[in-house]
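Encoded as structure tokens, the structure appears first; notes follow it.
The values are calculated or read from the model by the stated rules, or taken from the named source; none is laboratory data. Not measured: the values here are computed from a predicted model. Methodologically, a virtual Cβ is constructed for each residue, glycine included, from the backbone with ideal geometry; neighbour enumeration extends over all protein chains shown.
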Number of protein chains: 2
Amino acid sequence: MRTVDVQLGERSYPIYIGEDLLQQAGNYLDNHHISKQSPVLIVTDEHVADPYLNIVEQSLTASGFTVVTAIVGAGEQSKSMSVFEEVMTKAIQGGLDRKSTVIALGGGVVGDLAGFVAGSYMRGIRFIQMPTSVLAHDSSVGGKVAINHRLAKNMIGVFHQPEFVLYDLTTLQTLPKREINAGLAEMVKHGLIWDKEFAYWCLEHAEELKSVDMTVMGYGLEKGCSIKAIVVSRDERENDLRAILNLGHTIGHAIEAVAGYGEIIHGEAISIGMVGSALIGEQLGGEPGLVDTTRRMLTALGLPTVLPERLDTDRIMEAMMHDKKFQEGSMTFIVPKSIGVVEINHNVDYDLVRRVVEQLKEEV
Amino acid sequence: MRTVDVQLGERSYPIYIGEDLLQQAGNYLDNHHISKQSPVLIVTDEHVADPYLNIVEQSLTASGFTVVTAIVGAGEQSKSMSVFEEVMTKAIQGGLDRKSTVIALGGGVVGDLAGFVAGSYMRGIRFIQMPTSVLAHDSSVGGKVAINHRLAKNMIGVFHQPEFVLYDLTTLQTLPKREINAGLAEMVKHGLIWDKEFAYWCLEHAEELKSVDMTVMGYGLEKGCSIKAIVVSRDERENDLRAILNLGHTIGHAIEAVAGYGEIIHGEAISIGMVGSALIGEQLGGEPGLVDTTRRMLTALGLPTVLPERLDTDRIMEAMMHDKKFQEGSMTFIVPKSIGVVEINHNVDYDLVRRVVEQLKEEV
């Protein structure tokens, strides 16, 4: 069992990473003094529910907890206002009170939705994350929770830190290959922004990571969570430093939006976005070979690094202008200097970005 | 001009109380370094909009701010999920970003709605309150903001403190008498829970308060806000002490629910509720004459102190059991010991409460 401590003063919490942890969920709640007098709400999706909901529910019931469940549809559409309201209804009807706890059992969508329910039910109750995807190692650190407005993603939310995160590696073994690889994009991103050695470790262990070798995956998630935890603990509410976690996300979000959500999934889109950032970095005087090395790492992890020709450059530029990271009109990018070192550049030239989007379409 | 400082560490803020302050709104935003690069959203209701929206909008525009407005229907029904979503739409379409500010111009409903918009838009942006009712002196201190779920009031919300509160007394002069008196119920409540002298001051100045004498009302609101600020600063997230602010609210909320919202308005319901609390207090060994003095104060302020016979006692008891202040099955009441002194009692006997509800129906 590995433990990562996220240091946030009185909101600090541990991330437990190991095998077969869901069976012991009740013990973990006990150790964290979760109230047994008040019902616990488990939010999960239809894909995760079978078989994991039963495992968690049985463990909690055996430990004496009263459990209420809310099963939502799988996928981004569950981060809507209407699904949010439905989960709130379950919470009220289940008798949740101010001492109750909400558990997110699932990937990033469930974590975001359940986290916002916990953050706003009776003005905020306790929250526990039980991630079941590789990608969720990223979203389970930092307390950013949100739902979507029909006009924009993640527009309605709060910062709400969990009591603890219970990361059961066993659940990753049944994930589709495409989702595993997409999750590895965020893992290697943590190396690219902060830790050269870890970025190269991901490259060297790409095969074990893709096939979910428990020891290798455990170390990778521990390291990824640790780097994010350091960044978040220095800047919880994203005043400055935390923005480096957005490496590849400005171009990536635009790719997702223009391709149509789900066509190119999040990890794939930011993979291409990170190559774009490397191209910007190299043209702004970064280390020679930056683009090649970045591409090599992402390709090894089974990720795309070329932008499909059919995605119109003007539409991608337009989608970027709507991104909430464009503050007060200027274009801000996280720009790599070398592998493991990035800077926040608030004045990246529009034409340079446009040229880079074009370059991203060239086969290599 | 009077100023009350709400001490909450780095979330501290001032309340400015005075005449004709809305005309100077732009200066106040300037003094608080509100960004002019990002749009400001004013949320108000159809009754307050004419004439106050224009006044505020002109002052802000003259100071160089870009203003977006959202006018909602007057009344509790605007604290719904659908109105919340509409205001969010205005915010997105108006181009609000993370440096933007939301202004609540209106009474408690607008403050709650706009506050939750500010607290959750892009995970929280700046917030300013400009109250236009007597009742709002209460809700403008403490950062509790929320909307209603169709099954329960104030169920979805957060704690979100404003940058400052701009309380223009001039706006109170056009309020309906009934609303002024209802607001005075919360004012005298602050005396009843904390400050005997202030409670008697409200009794002695009842006529000037009811007719909105500027000097007397200014002092009353300053004092009411100050008491609430002291309580909130000692217990921001209602772990214990803050609960005393709920004096009369457990019975009061039940009366509102059973009478049908709007039939007996909030201040009237808690007026009757505070008499109920005094009855409980006297029967648990409180100061003799507690009930008579409480009734005399409330009557002087034009408030009801007798429960209408038509409201069924069983239904009131049932509504109380659903109240979120019943934690883990026990009945908690704020119980007066004497005028200005209350205690939090977690074990008030159900039968005693039922008897008191019956007694509340007796004409005096």
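Values computed for the structure shown
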| item | result |
| --- | --- |
| Meets criteria (in a helix (DSSP H, G or I), closer than 30 Å to A:Arg237 by Cβ, free of Cβ contacts under 8 Å to residues at least 24 places away in the same chain and more than 21 Å from the chain's Cα centre (by Cα)) for A:Glu57 | no |
| The listed residue being within 14 Å of chain A (Cβ to nearest Cβ) and modelled with pLDDT under 95, out of B:Gly157, B:Gly142 | B:Gly142 |
| Condition met for B:Glu179 (more than 11 Å from chain A (Cβ to nearest Cβ) and surrounded by fewer than 22 Cβ atoms within 10 Å (Cβ to Cβ)) | yes |
| Criterion: touching a Ser or Thr at 6+ places or on another chain (Cβ under 6 Å) and over 21 Å from B:Val335 (Cβ atoms) - qualifying residue of B:Val165, B:Val216 | B:Val165 |
| Test for A:Thr215: is it of a type in the set (S, T, N, Q), farther than 17 Å from A:Leu301 by Cβ and not assigned by TED's automatic domain parsing to the domain that holds A:Ile272 | no |
| Candidates A:Ala146, A:Ala136 - the one that is buried (at least 24 other Cβ atoms within 10 Å of the Cβ) and of a type in the set (Gly, Ala, Ser) | A:Ala136 |
| Strands (runs of 3 or more DSSP E) (entirely within the range A:83-196) containing at least 1 residues that are under 25 Å from A:Gly252 (Cβ atoms), touching a Lys or Arg at 6+ places or on another chain (Cβ under 7 Å) and without any contact (Cβ under 8 Å) to a residue 60 or more places away in the chain | A:144-149, A:152-159 |
| Subset of the range B:20-51 (residues that are assigned to a helix (DSSP H, G or I) and closer than 18 Å to B:Glu163 by Cα) | B:Leu22, B:Gln24, B:Ala25, B:Gly26, B:Asn27, B:Tyr28, B:Leu29, B:Asp30, B:Asn31 |
| Options B:Leu192, B:Leu172; residue that is out of contact with any Asp or Glu (no Cβ under 8 Å at 6 or more places or on another chain), more than 14 Å from chain A (Cβ to nearest Cβ) and crowded, with 24+ Cβ neighbours inside 10 Å | B:Leu192 |
| Residue list for the range B:66-97, restricted to those being in contact with a Gly (Cβ under 8 Å, 6 or more places away or on another chain) and modelled with pLDDT of 95 or more | B:Val68, B:Val83 |
| Unmet criterion (only one of (1) modelled with pLDDT of 95 or more; (2) among the charged types (D, E, K, R); (3) in contact with a helix residue (DSSP H, G or I) (Cβ under 7 Å, 6 or more places away or on another chain)) for A:Glu343 | (3) |
| In the range B:63-114, the residues that are crowded, with 17+ Cβ neighbours inside 10 Å, within 11 Å of chain A (Cβ to nearest Cβ) and small (Gly, Ala, Ser) | B:Ser80, B:Ala91, B:Ser100 |
| Residue ID - surrounded by the most Cβ atoms within 10 Å (Cβ to Cβ), chosen from residues in the range A:209-231 that are part of a loop (DSSP other than H, G, I, E, B) and out of contact with any helix residue (DSSP H, G or I) (no Cβ under 7 Å at 6 or more places or on another chain) | A:Asp213 |
| Residue list for the range A:197-208, filter: more than 23 Å from A:Ala269 (Cβ to Cβ) and assigned to a helix (DSSP H, G or I) | A:Glu197, A:Tyr200, A:Trp201, A:Glu204, A:Glu207, A:Glu208 |
| Qualifying residues in the range B:42-57 (those that are within 15 Å of B:Ser133 (Cβ to Cβ) and of a type in the set (D, E, K, R)) - the one surrounded by the most Cβ atoms within 10 Å (Cβ to Cβ) | B:Asp45 |
| Matching option when the condition is at positive phi and either in contact (Cβ under 8 Å) with a residue 60 or more places away in the chain or surrounded by fewer than 23 Cβ atoms within 10 Å (Cβ to Cβ) (or both), among A:Gly340, A:Gly286, A:Gly267 | A:Gly340 |
| Matching residues, the range B:124-139, being away from every other protein chain (no Cβ under 13 Å) and either at positive phi or of a type in the set (Gly, Ala, Ser) (or both) | B:Ser133, B:Ala136, B:Ser139 |
| Residue count for the range B:232-256, restricted to those that are in a helix (DSSP H, G or I) and over 23 Å from B:Lys177 (Cα atoms) | 12 |
| Residue match in the range B:258-265 (condition: in contact with a helix residue (DSSP H, G or I) (Cβ under 6 Å, 6 or more places away or on another chain) and at pLDDT 95 or above) | no |
| Those residues of the range A:277-301 which are over 13 Å from A:Val364 (Cβ atoms) and touching a Leu at 6+ places or on another chain (Cβ under 7 Å), in sequence order | A:Ser277, A:Ile280, A:Gly281, A:Glu282, A:Gln283, A:Met297, A:Ala300, A:Leu301 |
| Close pairs (8 angstrom Cβ cut-off, 6 or more residues apart or separate chains): closer than 17 Å to B:Thr61 by Cβ and within 14 Å of chain A (Cβ to nearest Cβ) in the range B:20-35, polar (S, T, N, Q) and in a loop (DSSP other than H, G, I, E, B) anywhere | B:Ser35/B:Ser100 |
| Enumeration of residues in the range A:257-283 that are of a type in the set (D, E, K, R) and part of a helix (DSSP H, G or I) | A:Glu268, A:Glu282 |
| Number of the condition not met by B:Glu10 [criteria: (1) away from chain A (no Cβ under 14 Å); (2) without any contact (Cβ under 8 Å) to a residue 40 or more places away in the chain; (3) not in a strand (DSSP E or B)] | (1) |
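Matching residues to (1) buried (at least 18 other Cβ atoms within 10 Å of the Cβ); (2) more than 14 Å from chain B (Cβ to nearest Cβ); (3) touching a residue at least 40 places away in the same chain (Cβ under 8 Å):
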position: A:Leu279; (1), (2), (3): yes, yes, yes
position: A:Arg296; (1), (2), (3): no, yes, yes
position: A:Leu301; (1), (2), (3): yes, yes, yes
position: A:Met321; (1), (2), (3): no, no, no
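Conditions tested, residue by residue: (1) at negative phi; (2) aliphatic (A, V, I, L, M).
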position	(1), (2)
A:Val4	yes, yes
A:Leu22	yes, yes
A:His47	yes, no
A:Val68	yes, yes
A:Gly95	no, no
